[in-house]
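Coordinate-derived values only; no laboratory data. In this text, all values refer to a predicted model and were calculated from it rather than measured experimentally. Here the Cβ positions follow ideal geometry from the backbone for every residue, glycine too, while neighbour counts run over all protein chains shown.
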Amino acid sequence: MNTPPSASKIFSLDYWTFLFAVVMIVFSLMALFDLIFATAANGLTILLPGLALLAAAGLAWRLTSLVRLYRGGQLITGVIEEVMLFRGRGRIAWKYSFNGRAYTGSVDLSLKSQVAFYQPGQAVDLLVDPLAPRRSILAEIFK
């Protein structure tokens, strides 16, 4: 069993976790502002908390899926397929084989500095969910 990374490490590096958190906070604050000052139409009063809840659900899903991979994932070796940089963010894609089947995975990162450590063709340790082998993560990315 691997030790899951800290929540602060996940928030600072994982693009989707960060995005879900920002959207949840922004829509929650907008809904609170509307509740206090009654500035919006009725539709927006209902829509903002709903969008904040959707973002909260996305955030919870992303965090629990990452923690689940670290706690119960099987350690295997994969190969970096692609490293991309875009507007201060990065994306790392990899390929791997599990139980005789080929899979691919990727992660979007908020900090491109983390992406610089990886090169196409590089062998890397991955954590793969044995019950859902399409789900994988670079073992050391959040350490």
Report task. Let me know the Kirkwood hydrodynamic radius for the range 7-71, please, with Cα pairs as the basis and the value in Å to one decimal. Result -> 12.6
Query - Per-peptide average of other Cβ atoms within 10 Å, ordering 65-72, 100-107 highest first - result: 65-72, 100-107
Query raised in the report: residue 102 versus residue 9, label points 7 Å from Cα toward the beta carbon: distance in nm?
Result: 3.2
Report summary line: In whole µm²/s, the translational diffusion coefficient that Stokes-Einstein assigns to the range 8-131, given a Kirkwood hydrodynamic radius over C-alpha pairs, 20 °C and 1.002 mPa s, equals 129
Query raised in the report: For the range 73-138, max minus min Cα coordinate along each principal axis, in Å, sorted largest first?
Result: 36, 20, 15
Requested in this report: Could you rank the peptides 15-21, 83-89 by their average count of other C-beta atoms within 10 Å per residue, with the highest value first?
Outcome: 15-21, 83-89
Query raised in the report: Relative contact order, percent, of the chain when contacts are C-alpha pairs under 8 Å separated by at least 6 residues?
Result: 26
**Report entry** Distant-in-sequence amide H partners of residue 73 (H built 1.01 Å from N, under 5 Å)
**Finding:** 2
Query raised in the report: Given labels modelled 7 Å from the Cα in the Cβ direction, how far is it in nm from residue 75 to residue 36?
Result: 5.0
